[in-house]
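The structure under discussion appears below in the form of structure tokens.
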Amino acid sequence: MKPKIGTLTIERFRAIRQLKIDGLGRVNLITGRNNTGKSSVLEALRILASDASPSVIYDILRFREEDVRETDESSRPLDAEGLFQLSSLFHGFPQFSAKLEPIVIASNSASRPMRLSMAAGWFLEERNPDGSRRLVLQQQELFGEGESLPALVIEAGGMRRVVPLNSMPSYAYRGRPMRSDIADESRLPCVFVSPYGGERTATLGPLWDKIALSDREKDVVEALRIIDPGISAVSLVGGEAPRRTRTAIVRATDIPHPVPLRSFGDGLNRLFSIILSLVNAKDGLLLIDEFENGMHHTVQTDTWRAVFRLARDLDIQVVATSHSWDSIEAFQKAASEDPEEGVLIRLSRKGDNIIPTLFREDELAIAARDRIEVR
């Protein structure tokens, strides 16, 4: 089976003026110095896979503390720049303008090529005869006159959507991306693992519910044994009451009763987060920011082996980032043992340009053997 995305093109997104990565594999590891766009590539993939769902965009902004915040005075109209914290998504942090060049994110694949753009626009609010609202593009940038509204214009999947910027905070309270105009199956399944150790149990609970009592549950337990061979079972309990949180618990041979997974340290919780996210990304994408966080180098090779195996079995394309040479070596060892293609992408900056260099399995083996710097 071919990877979901063979070539990825990103234009005018965050620090990336223009980037084309050609030749992505089934499992990919992105390396590079700080400020070369590694995390931005993952964000671009999240936006592309969701057809630029506003709730995904808002989640990305909130993660970087760039979310649009409400004013203290609800009756006071916001100016355009006050609303345009989305400026951080556009290359060069530009001011809001209908002349702003759009963000473009595109990919090719044999089964599902994807392309989207995000631009700025000014709109007038009008009412249809039935009382419903519609937004009409305004030709001049005249904020504050009439019902003029700044908005994000999203074109994806052959359709155009207009999202007023003052409505963006509402997406923080939605449990899933809201798309009423395109069926769910038009999106590519995508699961994101943040760089900060294990995900919150509240976030992992819905992922566990989807695979509980299935064969995928066995895959999770088997992966946890990479760190602690005595683990025999895992489950999530609690959550029955609205304010009651869920807790991951495990059974282990040397402990007489179930204990919280958090008791086992950061490494096991990070591994639980990665593998649980992986088995939920069937037929889609898994994105992992800073793969190695919390895991000792001695368990990383076996973890990569599990990632390669499950990516192959469940038809998942994996894109991860890392700063660690230990993680690169572990990735190379796992890639050399698996028939699926593993690709390392090194991003480097030359002036305003970000240059990708791809290392396939044979080239990566030479780099690992000779300790060639690929971080």
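Among the listed pairs 4/210; 4/333; 2/350, those with a Cα-Cα distance over 29 Å are 2/350. Computed packing ranks the peptides 263-274, 120-131 as 263-274, 120-131, most packed first, by mean other Cβ atoms within 10 Å. Quick note on region 320-360: its Rg to Rh ratio, both from C-alpha atoms and Rh being the Kirkwood radius, is 1.05. Computed from the alpha carbon atoms alone, the convex hull of region 196-335 holds 107 Å³ per residue.
Taken together, the values in this text are just the output of simple stated rules run on the coordinates, not laboratory data. Quantities reported herein were computed from a predicted structural model and do not represent experimental measurements. Please note: Cβ atoms are built from the backbone with ideal geometry, for glycine as well, and neighbour counts cover all protein chains shown.
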